[in-house]
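Below you'll find the structure, written out as structure tokens, and then a few comments.
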Amino acid sequence: MIVSPSLLAANFGHIAREIEMINESEADWLHLDIMDGVFVPNISFGFSVIEAVARRSMKPLDVHLMIVQPEKFISRLAELGVSITNVHYEACPHLNRTIHEIHEAGMKAAVTLNPSTPVCMLEDIINEVDMVLLMTVNPGFGGQKFIDHSIVKIKQLKELISRTGSQALIQVDGGVNDKTAPLLAEAGVDSLVAGSYIFDNKYPKQRIKELKQL
């Protein structure tokens with residue numbers, strides 16, 4: 001299992017220490033949630049924080065843009081060395097163009113679906129993306145309850161990927177814990193984003209290790 005701890009749940013008063021913990025852990029990526037208060041009802045952090053994190057992180061940066069007009073920031077993310085740029089289907093009226101711009105900038109391209117957006121909307125783009133992120137809570141805030149119907153959507157996405165011959169990975173974000181993570185792995189998820197489940201624990205590196213073993 002690919003594990004991508006979500007920095008949004010970290011202690012920002014000790015952010016350097018939190019990143020060092022991730023560096024020392026078995027985590028594969030570091031997940032950064034960028035929110036604008038428009039596309040989602042919350043604001044997280046901007047490029048000054050991303051740049052600081054990029055300087056310290058030894059893990060590839062997995063950036064999730066929960067913003068309107070994400071295409072405006074693709075080149076800047078590439079300049080900072082971001083490995084994966086993830087945009088929302090709901091925020092991109094010209095998704096094919098945006099995915100190609102991400103690839104042309106030298107990054108892997110991913111697309112996210114909100115809980116109410118059906119998997120079938122990806123039929124015409126699934127072979128263009130490197131990963132699909134299914135939100136298993138409504139985006140904008142951490143610590144929400146897992147939406148049970150997400151398991152059905154994961155299986156639908158797995159079928160779409162198999163049927164089309166796509167190489168896209170399946171990632172989930174929201175409500176990942178010791179109860180939901182095994183169910184997600186069984187349903188066919190390739191990558192887990194976990195925030196409070198990791199950072200709120202006394203032994204976060206152990207939590208990461210346990211998720212890796214699924």
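Of everything listed in (1) surrounded by 14 or more Cβ atoms within 10 Å (Cβ to Cβ); (2) over 28 Å from residue 166 (Cβ atoms); (3) free of Cβ contacts under 8 Å to residues at least 60 places away in the same chain, the single unmet condition for residue 99 is (2).
Count of the stretch 136-184 residues, restricted to those that are in contact with a Leu (Cβ under 8 Å, 6 or more places away or on another chain), free of Cβ contacts under 8 Å to residues at least 40 places away in the same chain and not hydrophobic (A, V, I, L, M, F, W, C), is 2.
Only residues in the stretch 119-135 that are free of Cβ contacts under 8 Å to residues at least 60 places away in the same chain count as the first member; pair them with residues that are acidic (Asp, Glu) and outside any loop (DSSP other than H, G, I, E, B), Cβ under 6 angstrom, at least 6 apart or cross-chain, and list the lot. Between residues of the stretch 119-135 that are free of Cβ contacts under 8 Å to residues at least 60 places away in the same chain and residues that are acidic (Asp, Glu) and outside any loop (DSSP other than H, G, I, E, B), the close pairs are 135/173. Among the residues that make up the stretch 40-55, is at least one of them outside any helix (DSSP H, G or I), at pLDDT 95 or above and either surrounded by fewer than 19 Cβ atoms within 10 Å (Cβ to Cβ) or in contact with an Asp or Glu (Cβ under 7 Å, 6 or more places away or on another chain) (or both)? No, the conditions are met nowhere in the stretch 40-55.
Based on this model, can you work out whether residue 3 counts as outside any helix (DSSP H, G or I) and over 16 Å from the mean Cα position of the chain (by Cα)? So residue 3 does not fit the description; no. Every residue in the stretch 168-202 that is of a type in the set (A, V, I, L, M), under 11 Å from residue 1 (Cβ atoms) and assigned to a helix (DSSP H, G or I), please. 181, 184, 185 - these are the residues of the stretch 168-202 that are of a type in the set (A, V, I, L, M), under 11 Å from residue 1 (Cβ atoms) and assigned to a helix (DSSP H, G or I). Looking only at residues of the stretch 105-119 that are among the hydroxyl-bearing types (Ser, Thr, Tyr) and part of a loop (DSSP other than H, G, I, E, B), we find that the one that is nearest to residue 132 (Cα to Cα) is 117.
The values are calculated or read from the model by the stated rules, or taken from the named source; none is laboratory data. This is a predicted model, so every value here is computed, not measured. Note that we place each Cβ from the backbone using ideal geometry, even for glycine, and neighbour counts take in every protein chain shown.
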